[in-house]
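This report refers to the structure that appears directly beneath it.
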Amino acid sequence: MLTASQLLSGYARGVFPMAESADDPRLYWFDPPMRGVLPVGGVHASRSLRRDLRRGGWSAHPDGDFDAIVAACAARDVTWINAPLVRLYRDIHRGGHAHALEIRHDDQFAGGIFGITLGGAFFGESMVSARTNGSKMALLWMSSHLSRCGFSLFDTQFLTPHLARMGGIEIPRAVYHRRLSEALRQRAEFNAVAIQSDRQLLQEITQTS
């Protein structure tokens, strides 16, 4: 049975585990030839997304209910998050190396994202959207927060069309491993600074776009 320590060692080597389905207890290691990454502090916000943020009502809450975010991400007809991974994520969170960001709109759950942290690297595991733009807001807030906390690598494992629209790119395995090695030598702390308000995030996006 894979332990939390073994999982973290895998991430440090550039590999990550996935299950074939929620019902399959087995885990498989992956090291794809092309790796998806997002810019830290530079996720693209479309005009419509900025307009939605400007309307107000959005807020972000780090580590409010980690288990609930993981459960929401796994609550799909097809998922690679099985029971052993849920247990491992919980253990790693308790050890301080897994974090979640919950997004609310008008104080109602709207989406979220969770991942693993090592040094200056954030390994995004999964995200979920409970309303329009919920997961996009999670990416915006997470990218900004990682930058402000000293992270330099935002790993998304694979690149999806959704991530590409927000500035995600693919890099070759060798390039990824070099960037990972650099990030692991850095010091970053997920809770080093307070999360920004929606107005502060909007101001930052406006200045950098």
Residues Asp31, Asp106 arranged by fewest to most Cβ contacts within 10 Å = Asp106, Asp31
key: All-pairs Cα distance distribution in the range 102-209, expressed in whole percent, bin size 10 Å   = 14, 43, 36, 7, 0
request  = Can you give me the three principal axis dimensions of the chain from its C-alpha atoms, in Å, biggest first?
outcome  = 47, 34, 31
key: Under Karplus coefficients 6.51, -1.76 and 1.60, residue-wise ³J(HN,Hα) of the range 65-78 in Hz, glycine/proline x   = 8, 4, 4, 5, 5, 4, 5, 5, 5, 8, 7, 10, 4, 10
request  = Calculate, for Ala12 and Arg55, the FRET efficiency according to 1/(1 + (r/R0)^6) with r their C-beta to C-beta distance and R0 45 Å; round to the nearest 0.05.
outcome  = 0.60
ask   = Quick one: Debye curve from the C-alpha atoms of the range 12-107, no solvent, what's log10 I(q)/I(0) at q = 0.16, 0.18 Å⁻¹?
value = -0.94, -1.10
task = Starting with the fewest neighbours, write out Arg76, Arg131 ranked by other beta-carbon atoms found within 10 Å of each beta-carbon.
result = Arg76, Arg131
query = Going by how many other Cβ atoms sit within 10 Å of their own, how do Ile69, Ile81, Ile195, Ile113 line up, fewest first?
reply = Ile195, Ile81, Ile113, Ile69
task = Take the Cα coordinates of the range 1-68, assign each an equal point scatterer, and use the Debye formula without solvent to give log10 I(q)/I(0) at q = 0.18 Å⁻¹.
result = -0.99
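Read-outs: derived from the displayed coordinates by stated rules, not from any lab. Quick caveat: nothing in here was measured; it's all calculated off a predicted structure. Cβ sites come from the backbone with ideal geometry, for glycine too, and all protein chains shown count toward neighbours.
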